[in-house]
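**Student:** One structure, pasted below without further comment.
No value in this document is a laboratory result; all are computed from the given coordinates. This structure is a prediction, so every number in the text was calculated from the model and none was measured. Here Cβ is always computed from backbone atoms with ideal geometry, including for glycine, and neighbour counts include all displayed protein chains.
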Amino acid sequence: MSETVKTVVLNTNSDFRRAYWRGKSYKHPALVTYVNKNRAGICRIGITAGKKIGNAVHRNRAKRVIRAAFARCKPQLISGTGCDIVFVARTKTTYSNSNDIYAVMSEQLKSAGIMK
């Protein structure tokens with residue numbers, strides 16, 4: 001039985017800003033991912049969707065799709081790597097399904113070195 005990585009939600013502005021400035025970014029037309037190592041030993045996740053995405057319905061759908069894609073990625077994360085991950089939704093995220101975002105997300109997390 002494989003051990004799943006414990007994740008916590010990022011919710012302070014300073015944590016998001018630290019990930020933006022110090023983290024490595026991975027860009028795709030549907031999703032941007034910022035990965036920053038931390039000393040906590042746990043994975044902290046943040047999801048943002050700006051007003052460029054659309055109204056509240058579109059922003060919530062984009063965040064829901066990203067959350068569903070990350071739920072599929074979570075069992076494959078490498079345990080013991082403490083990192084802050086911030087996912088930024090783009091306009092194409094709203095019109096994609098979670099399978100498309102999962103493919104993009106897994107590619108980005110593998111290139112970051114935190115996913116098997």
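**Student:** Compute the distance in nm between two label points, each set 7 Å from the Cα along the Cα-to-Cβ direction, one at V57 and one at A103.
**Tutor:** About 2.7 nm separates the two model spin labels.
**Student:** For the chain, give the share of DSSP beta bridges that are antiparallel, in percent and rounded to the nearest 5; count only bridges with both residues there.
**Tutor:** DSSP beta bridges in the chain are roughly 60 percent antiparallel.
**Student:** Would you work out if segment 51-116 is rounded, prolate or oblate? Take a ≥ b ≥ c from the square roots of the eigenvalues of the alpha-carbon gyration tensor; rounded if a/c is under 1.5, else prolate when a/b is larger than b/c, oblate otherwise.
**Tutor:** Note, shape of segment 51-116 comes out prolate.
**Student:** May I ask what percent, to the nearest 5, of DSSP beta bridges between residues of segment 1-53 are antiparallel?
**Tutor:** Of the beta bridges lying entirely in segment 1-53, close to 60 percent run antiparallel.
**Student:** Under a GNM of the chain (C-alpha, springs under 10 Å), which listed residue has the highest mean-square fluctuation: K74, K52, K92?
**Tutor:** K52
**Student:** Still on this structure: Answer with a single label: of (1) 128; (2) 97; (3) 214, which was calculated as volume of the Cα convex hull per residue in Å³ from the structure in view?
**Tutor:** Checked against the structure: label (2).
**Student:** Considering amide H positions built from the backbone, and no H for Pro or chain starts, which residues 5 or more places from K37, or on another chain, come under 5 Å of its amide H?
**Tutor:** Residues meeting the amide H criterion: D84.
**Student:** Next question. At a 10 angstrom cut-off on C-beta neighbours, averaged per residue, how do the peptides 10-17, 105-112 rank from highest to lowest?
**Tutor:** 105-112, 10-17
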